[in-house]
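Only the coordinates and a few stated rules stand behind these numbers; no lab work does. These figures come from a predicted structure and were not determined experimentally. Reconstructed Cβ throughout: ideal geometry from the backbone, glycine too, with neighbour counts over all protein chains shown.
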Amino acid sequence: MNAEKEEERKSGMRERQDAVEARMAKVKHKIMVMSGKGGVGKTTVAANLAFALGMRGLDVGLMDADMHGPDVPMILGIEDKRPEVSEDKIFPVLVTPRLKTISIGFLLPSRDSSIIWRGPMKMNAIRQFLSDVEWGELDYMVVDLPPGTGDEPLSVVQLMKKVDGAIIVTTPQDLALLDSRKAVHFSRVLKVPVIGIIENMSGFVCPHCGKETNIFKYGGGEKAATELDVPFLGRVPLDPKMVEAADSGTPFVLQKESKVRESFEQIVENVRAFVEGKEEKK
């Protein structure tokens, strides 16, 4: 009897994995956005990257895999929306005609509710996001991961099987750079290509005179990229307008005449060059 139950369990796992692979076969490029520690602006980068790719006429899915801090709904200004559920399918929330997203934040009873789960429950939720959500045909899937190298990033890599690459978000100070090195090491151990490092909050832009002040040092992200032999994707300055945009649910890539937007537009092109150039070489 125990042998029969074990076989049923294995059969069920194979079926669930097959469902994940069937969904992911419709996605051309899969990108993980990681950080070694919290507070470096990783979700802001992930959300604006997904939005910017959609602005370029690409079909994009943004998966919020941060179960304990699901901030994507707030950053995109869609906290009041809910995914539709039909039979065994979940339909992601449509942000724009080109961008759709899913987050555990949509399913919580209130914005103050917390997720108190151990690893296996988080892996099951990620599996459902990958297998049960009706993503459709996508050019890119951007996965926003929680800080660190724990259950969630490991689950994403194991379930997806093939990830095009990881973007590491850091700030210039030494502590953040130390932790970002661990994220690079994690990617290499799991054979995930490192698309590159983004140095966020790189210089404060004065809203009055436009002068930049290096509050958190400068150039640490580029130095780490050089030492680790990975691409440096660019710097994003710390601008009060960027903070206001995140709090109001407006992607900062929509801002006009902004140094942040100019810097980020180049980062988006660097990401595309890495991912799509890699595809051309095959």
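Things worth noting here:
- Counting only lysines at least 8 places from LYS5 when in the same chain, those with an alpha carbon closer than 24 Å to its own are LYS122.
- For the stretch 92-105, backbone phi angles converted through the Karplus equation (6.51, -1.76, 1.60; θ = phi - 60°) give residue-by-residue couplings of x, 6, 8, 8, 9, x, 9, 10, 10, 8, 9, 7, 4, x Hz, Gly and Pro being listed as x.
- When only alpha carbons of the chain are considered, Rg and Dmax amount to 18.9, 75 Å.
- Dipole check for the stretch 26-280: with +1 at the C-beta of Lys and Arg, -1 at the C-beta of Asp and Glu, and the Cα centre as origin, the magnitude is about 400 Debye.
- Residue with peak Gaussian network fluctuation, the chain [Cα springs, cutoff 10 Å], from PRO92, PRO207, PRO83: PRO207
- Within straight-line cross-link reach of LYS223, aspartates and glutamates at Cα separation under 18 Å, skipping those fewer than 8 residues along the same chain: ASP174, ASP179, GLU199
- Top of PHE129, PHE91, PHE264 by mean-square fluctuation, Gaussian network on the chain, Cα under 10 Å: PHE91
- Cα-based shape type of the stretch 217-280, given that a ≥ b ≥ c are square roots of the gyration tensor eigenvalues and the cut on a/c is 1.5: oblate
- Scanning residues 5 or more positions from GLY196 or on other chains, those with amide H under 5 Å from its amide H are ALA166, ILE168, with H placed 1.01 Å from N in the peptide plane.
- Three-way shape call for the stretch 99-159 based on the alpha-carbon gyration tensor, with the a/c threshold at 1.5: oblate
- Checked against a 25 Å cut-off, the cross-linked pairs LYS42/LYS81; LYS30/LYS241; LYS81/LYS162 give Cα-Cα distances beyond that limit for LYS30/LYS241; LYS81/LYS162.
- Within straight-line cross-link reach of LYS211, aspartates and glutamates at Cα separation under 17 Å, skipping those fewer than 8 residues along the same chain: ASP239, GLU257, GLU262
- Cut-off 15 Å, label 7 Å out along Cα→Cβ of ASP88, residues of the stretch 97-133 by amide N: 128-133
- Between the amide H of MET141 and those of HIS29, LYS30, ILE31, GLY61, distances stay under 5 Å, these residues lying 5 or more places away or on another chain, with hydrogens modeled in the peptide plane.
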